[in-house]
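Here the structure comes first, spelled out in structure tokens, and everything after it is commentary.
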Amino acid sequence: MTAKRIIWLQIALLLIFVIGCQKVPITGRTQFSLVPESELLQMSFSQYDELIKDSKLSTDQRQVNMVRNVGKRIATSADLFMAENNMTQQRKSYRWDFNLIQEDSTINAFCMPGGKVAFYTGIMPICKDETGVAVVMGHEVAHALANHGGERLSQGLAEQLGGLALQAALQNKSEQTQMLALAAFGVGAQIGILLPYSRLHESEADRIGLILMARAGYDPNAAVTFWQRMADTGGARPPEFLSTHPASDTRIENIKQHLPEAMRYYTK
């Protein structure tokens, strides 16, 4: 690749970063987003339908109803949230769906772009009750509202482009130099950008999720005891700087700091 092409690639990267910026509601953080919402929704709906088709759904009607009832209340809260934050187009694209997948060994839940929600039965004993489900539901729906999925995809694309630009810039260097530089770039991007942003996404989802559950009529204080129970289920965890999630103590302290904000929205 010629020097001229390298310069143009660098300019293209800069333009991508400038053009692909938007604001996250509530936190006001500038967000990097390249993937069009239409493409994101198409992928989301397709992957969700395939997952539900291939999964065994729970037949525990009490738990299924709990997930769906909480989901409807959080969805109403999210609809108000989008209306108040000038998210008209995003609001129109939501097709809410709530399912409980029978996998007792999986302690997880998620909300995909467009309001496609799945809980795994493994997380239900930690939720314990409807309010615990609301903690998880609010958090996962907040990920979708804040476009964290689109941001992660965009960061992955940018990392690939950055690697190509570095490879082009080092084309006249020895093979060993190229390998070392690209390896260092990969580690640096992971530890310096991708993992910190993943932890930031979790903290943003905690904050927005508290507001969603409060507006849906669930006491946000329950989030503290939920995450304490969640912390008690895990064994050894990697150091926080190598993890996709904040350390349990960090997370709980951050939630406590955001509780006064959320409580302003809470009516029993």
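All of the numbers you see were taken from the coordinates with simple rules; none came from a lab. Every value quoted in this text rests on a predicted model; they were computed, and no experiment measured them. Neighbour counts run over all protein chains shown; Cβ positions are idealised from the backbone, glycine included.
Summary of computed values
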item	result
Relative exposure of CYS111, CYS127, judged by other C-beta atoms within 10 Å (fewest first)	CYS127, CYS111
Under-5 Å amide H pairs with THR106, H placed in peptide plane, nonlocal only	GLY122
Proximal aspartates and glutamates to LYS72, defined as alpha-carbon separation beneath 18 angstrom and excluding residues fewer than eight positions away on the same chain	ASP97, ASP129, GLU130, GLU140, ASP219
Segment SER105-ASP49, length gained on full extension (0.36 nm per residue, minus Cα span)	18.0 nm
Links that overshoot a 22 Å alpha carbon limit, given the list LYS53/LYS128; LYS116/LYS268; LYS128/LYS268	LYS53/LYS128; LYS116/LYS268
Gain on full stretching of the segment that runs from GLU253 to ASP129 - 0.36 nm per residue minus C-alpha separation	42.4 nm
Centre separation in Å (Cα based) which lies between the stretch 54-81 and the stretch 98-141	8 Å
Hits among aspartates and glutamates - C-alpha to C-alpha of LYS92 under 17 Å, sequence gap 8 or more where chains match	GLU37, GLU39, ASP79, GLU84
